[in-house]
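Here's the structure, in structure tokens; my notes come after.
Just so you know, all these numbers are worked out from the coordinates, no wet-lab data involved. All values reported here derive from a predicted model rather than from experimental measurement. Note: ideal-geometry Cβ built from the backbone for every residue, glycine included; neighbour counts use all protein chains shown.
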């Protein structure tokens with residue numbers, strides 16, 4: 001749910017509510033996508049897809065749940081990752097590190113509900129502050145979201161104007 | 001021309017404030033949820049109905065308000081309300097643009113009703129989107145949860161595959177992403193913005209009895225001639241990007257015409273910065289002209305009634321070098337601007353190219369930038385929309401602050417005018433250097449930026465490779 005700020009008095013000092021181009025989503029920062037092509041904060045999890053280091057047609061689906069910090073890593077065919085012992089595997093560390101590059105450490109920590117201080121700067125630092133347990137999550141769902149994500153780049157472009165894009169100005173210089 | 005700019009920035013045209021207050025009332029009701037309106041919200045909707053009573057929409061809006069107030073809002077009633085709100089913003093747009101044209105001395109073509117465009121798209125999908133917009137309106141923005149924000153994802157996915165529905169799909173996808181991102185973390189509501197997006201999306205789902213969309217139009221004809229580029233404006237949300245080139249078209253004997261031409265691509269959120277240009281590799285002639293500051297010779301390009309050329313890269317070839325600042329200095333004043341299609345009239349669409357010189361750039365304490373244009377007249381100050389400088393190009397706020405001349409787009413939002421820079425000239429050792437948003441269309445030319453881009457690899461190529469391997473085609 002979105003908190004209420006629609007009482008007239010809440011508007012008096014702000015032009016943000018009366019802006020057609022108010023910024024709602026912060027743009028993500030550029031990062032190298034080869035190792036971890038997909039990262040998202042969705043459905044109560046930090047989740048994503050990590051390329052296998054040894055087999056280029058295999059990927060791992062990794063996730064860390066907000067609050068409980070339960071973690072999961074398996075192949076896209078639901079085979080449990082062999083690197084998961086009593087602690088998060090290298091795929092989960094890669095996922096967390098790339099998430100921090102993409103969104104910034106504060107946004108990831110806030111989403112996962114991890115208490116952080118100035119010492120925490122990487123995804124691995126965040127993992128060190130968690131005390132979750134391995135718990136198999138639904139890899140298919142994340143994997144199909146990744147495929148849908150990829151499908152955007154397969155769609156043909158347009159040469160007719162999209163006038164509605166005037167509501168979405170370029171997002172200022174980042175990083 | 002002392003005092004000219006204060007005429008634009010110093011006073012609001014008559015009627016604008018009142019129209020926007022009516023819209024604010026509607027936007028508060030929509031934020032609260034049309035399914036559970038309080039007395040003040042019903043009063044706001046009644047005021048909207050009263051304001052449109054004398055228009056052709058009057059009866060339908062009045063009926064819609066009665067039904068919505070009784071908690072029995074059907075989709076047709078919401079379309080009527082979206083229409084009424086759109087009419088308000090249309091009137092605001094017209095008043096603002098008329099003032100702008102008067103200040104600039106710009107001639108604008110008359111609107112000619114075009115032929116309706118061909119079949120629009122699958123009625124099922126449009127109905128699916130309309131149904132989501134109905135649910136959003138009933139719940140109100142504060143009632144949106146993750147499930148409702150995501151409820152349109154299948155419909156949008158199917159719409160994206162239909163070229164005729166791309167406009168509606170891109171808009172709905174942008175709105176859905178914002179609602180999703182805002183759930184649980186946003187403590188205030190961008191009421192006007194989301195009502196804008198909601199109303200336009202609803203109108204885009206509307207199909208006339210002839211099966212056509214009132215927002216689409218057939219080209220008025222084709223044109224051939226020379227295009228002199230003024231600059232490129234970049235629009236983007238997580239899954240879409242559009243380059244809109246503003247240019248002067250010289251075709252035939254008449255005065256040059258101000259035109260726009262746009263190319264769009266679907267993307268993902270991790271494709272940002274200079275990598276955006278790689279999504280447009282199907283338009284090498286256009287990108288080459290932007291990067292090389294060249295003229296374009298075009299043949300038989302369809303021209304839409306709103307002054308948009310439908311780009312065909314294979315009907316264009318690059319010509320002589322042309323400095324956009326020379327184009328603007330020589331040609332902009334005498335060029336004819338296009339009429340704006342009635343249903344596109346909204347202040348957000350105002351993007352009028354101008355050349356500014358002889359200003360003083362003033363940086364405020366909170367990093368705001370203002371161009372003082374009319375000497376000491378405080379009304380002759382124009383805020384610079386540095387937050388709109390695209391991450392894919394070399395323009396930075398610092399460069400704009402040092403500039404002596406600027407090509408930009410005049411914009412209006414949240415009650416004020418601003419200037420969105422497309423290019424600047426800065427005095428440097430041995431002369432003047434110019435920087436344009438399109439300079440990196442063929443890759444970053446600045447060694448530092450090129451190095452940063454190389455460090456991030458080629459995200460488009462990486463994801464396309466993954467897609468080729470994983471999407472079973």
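Listed values, structure above:
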{"quantity": "Distance in nm between pseudo-label sites at residue B:428 and residue A:122 (7 Å out along the Cβ direction from Cα)", "calculated": "3.8 nm"}
{"quantity": "Against the rule of thumb 2.2 N^0.38 Å, how large the Cα Rg of segment B:221-337 comes out", "calculated": "1.06"}
{"quantity": "Hydrodynamic radius by Kirkwood, which averages 1/r over all alpha carbon pairs of segment B:171-252, in angstrom", "calculated": "16.4 Å"}
{"quantity": "Footprinting exposure proxy for A:55, B:269, B:308, B:196 (fewest neighbouring C-beta atoms within 10 Å first)", "calculated": "A:55, B:269, B:308, B:196"}
{"quantity": "Share of pairwise Cα separations in segment B:13-204, more than 20 Å, in percent", "calculated": "59 percent"}
{"quantity": "Paramagnetic reach from residue B:109 (point 7 Å along Cα→Cβ, amide N under 13 Å) across segment B:277-310", "calculated": "B:301-310"}
{"quantity": "Relative frequency of Cα-Cα separations exceeding 22 Å in segment A:29-153, percent", "calculated": "27 percent"}
{"quantity": "Three semi-axes of the equivalent ellipsoid, chain B, Cα gyration tensor, whole Å, largest first", "calculated": "36, 28, 23"}
{"quantity": "Largest-first principal axis extents, alpha carbons of segment B:342-436, Å", "calculated": "49, 34, 24"}
{"quantity": "Centroid-to-centroid separation of segment A:84-152 and segment B:418-473 [C-alpha atoms, Å]", "calculated": "29 Å"}
{"quantity": "For B:370, B:437, order by how many other beta-carbon atoms lie within 10 Å, fewest first", "calculated": "B:370, B:437"}
{"quantity": "Rg/Rg_ref, segment A:73-133, where Rg_ref = 2.2 N^0.38 Å and atoms are Cα", "calculated": "1.16"}
{"quantity": "Rg/Rh ratio calculated on Cα atoms of segment A:114-170 (Kirkwood radius)", "calculated": "1.22"}
{"quantity": "Least to most buried among B:300, B:24, B:59 (fewest other Cβ within 10 Å first)", "calculated": "B:300, B:59, B:24"}
{"quantity": "Computed Kirkwood radius, in angstrom, where 1/r is averaged over Cα pairs of segment B:133-271", "calculated": "17.5 Å"}
{"quantity": "At q = 0.14, 0.20, 0.22 Å⁻¹, base-10 log of I(q)/I(0) for segment B:118-171 (Debye sum, equal scatterers on each alpha carbon)", "calculated": "-0.37, -0.69, -0.80"}
{"quantity": "Simple label model, 7 Å out from Cα along Cβ direction - residue B:454 to residue A:15, nm", "calculated": "4.3 nm"}
{"quantity": "Kirkwood Rh, Cα atoms: Rg over Rh of the protein assembly as shown", "calculated": "0.96"}
{"quantity": "Three semi-axes of the equivalent ellipsoid, segment A:38-82, Cα gyration tensor, whole Å, largest first", "calculated": "20, 11, 7"}
